Structures are given as C-alpha cells and as structure tokens.
1. Rounded, prolate or oblate for region 85-224? Axes are the square roots of the Cα gyration tensor eigenvalues, ordered a ≥ b ≥ c, and the cut-off for rounded is a/c under 1.5.
2. Multiplying the sequence separation of Glu247 and His275 by 0.36 nm and subtracting their Cα-Cα distance, what value in nm do you get?
3. How many nm is it between the label spots at Glu128 and Asp266, if each spot is 7 Å from the Cα in line with the beta carbon?
4. When you count, for each residue, the other Cβ atoms within 10 Å and take the mean per peptide, how do 158-164, 191-197, 251-257, 72-78 rank with the highest first?
5. Report, please, the projected area of region 176-275 averaged over directions, based on the convex hull of its C-alpha atoms, in nm².
6. Relative to the present Cα-Cα distance, how much length would full extension add between Leu188 and Gln204 at 0.36 nm per residue of separation?
7. Any chance you could run the full-extension gain for Lys150 through Ile176? It's 0.36 nm times the residue separation minus the Cα-Cα distance, nm to one decimal.
Amino acid sequence: MLKKKKWLKLSLLSLLAVILLAGCGGGEDSGKDEEGGGKDKETDVLAQVKEKDKIVFGVKNDTRLFGLKNPSTGDVEGFDIDIAKALAAEILGDENKVEFKEVTSKTRMALLNNGDIDAIVATMTITEDRKKEVDFTDVYFDAGQSLLVKKGSDIKGIDSLKGKKVLAVKGSTSSINIREKAPDAQVLEFENYSEAFAALKSGQGDALTTDDSILYGMADEDPNYELVGGTFTDEPYGIAVKKGNAEFVDELNKALKSLKDSGKYDEIHDKWIKH
C-alpha cells in the first residue's frame, strides 16, 4: 500500500509539471496576434518602423538621377531618394524620419532579409524569381533595358552585339537579360555602375547595358556617350520589403497612391527624369 501511495504521488507531481510547462509555453506566443497566424514583433517590420519612428531605406549611391552621393555635401540625391522621403512623410508625418544605407544590385536582397534595412528603393525590377524572396509594392517607375555606347560606335542596337564586349552589373536583371538577348556577346560584370561606366570609358568594353533610366544619367554626365537601339525589355521598379510583411506593403502602396493623387509624384519625377 505504501508503494502504491508513493507511485500515485509521483504521478500527480509529473502531471502537475506537465500542466505548468504547457502554461509557460503558451506565454511564448504573447508577441503574436490572437488568431495565431500573425507575426511576432521581431518580424513585423511595420511595427518596428513605427516603434523607432524611422524608416531605413536601402538606396544606391552610384546611380545618377536615382541615387548618387554628392561629394560636396555627402548626401545621396536622386529620384529614389526623394520618393523615399515623400513616403516617410506620408507614413510617419516627416520626410526627415528616414535613414539611408547604401546597397548595390548584388547586396540589397541580403541586407533586406538580414534586417539591416526596412525597404529597398534602388531601381529594383519586379521579377517572378525575386517575388519568391521578397515582397514588392505596386510599380513606382517604368524603365526598359537599353545600351550605352560611345558616339560614333558601330553598335546600333541589340542585333549589333555579336563578338562585342558588353559591360553589366553583378546581381542585376540586365546581366541575365543580355545573355539571353545577345548570346554571342561577351559579358563582363562589375560591382556597381560607377565601375562599369569607368570601364566603358577606358575601353574595356564596347557597350554598357542596364535600364535606360540609369543610362540617361550616364549620358548626362558625359555627352560623349549615347543610348542606342531603344529598349528591349520592360523593367517595372518596385519597393521591396521582407517577405511576409503585407501590412507594410499596404502602407507603402497607400502612400504611393497618395503621392500620385496629390501631384507630388509628378513633381519628383519631372525634377529628375527629363527624357
């Protein structure tokens, strides 16, 4: 009988321990919404943005007209920069509630997914493959891939690239597209647009390819170069956020719509894009 009582006591203690552990486990979900399908605070980017009262945007520092660092002031300037500030004004009430971190076509996805930035506004084309890794807003700028050459070049378009050296940037859709559209061309890749344009000017390649919007900036910088052949792809730019943040995407889309409805978008566009 004594052994039976001892066994019963141990069984009750074990059951009590299980109940207590279950109760503690329930507390771990306190950061999630009541439906159980929500995000915890560590992955909810919109909640983080509102808590710190600032949006950290990944932007390019080497892309004239869109995001270029001014050597005199140290500030990054361009269409993407002004759009980012205007979005912050819509969402947080002040265009100065932003922080800009430099990204390149190669680094931007990793920086976003690592949590170093809240959103990417950096001439980023929306593609089906990229949608598997990040979420995109509505299109905020329509571009198309083209070619930049030195004036007087015998390259007149995509059909003139057989045996030619074409320069592109690592991690860009342009690098993929040119291999498909001009398989007989040799493609040389660089880390960023500044390096690629410098390589073109030093004779390391016959043409540079990327979105026409970016190439126009290079042609403005050096009138010895021109765009040829028109565009041969569609490149819709979107703002990228970490996957699973539908609320943040909705907030950005509402802000974009407000900018377009108010005329602010056109004002920014006409300030930078004159082609």
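1. prolate
2. Going from the current span to full extension adds 6.6 nm.
3. So the two model labels end up 3.6 nm from each other.
4. 191-197, 251-257, 158-164, 72-78
5. 8.7 nm²
6. 4.9 nm
7. Here the answer is 7.1 nm.
Bear in mind these aren't lab numbers, they're just calculated from the coordinates by the rules spelled out. Remember, it's a predicted structure, so these values are computed and weren't measured experimentally. Every residue, glycine among them, receives a Cβ derived from its backbone with ideal geometry; neighbour counts consider all protein chains shown.
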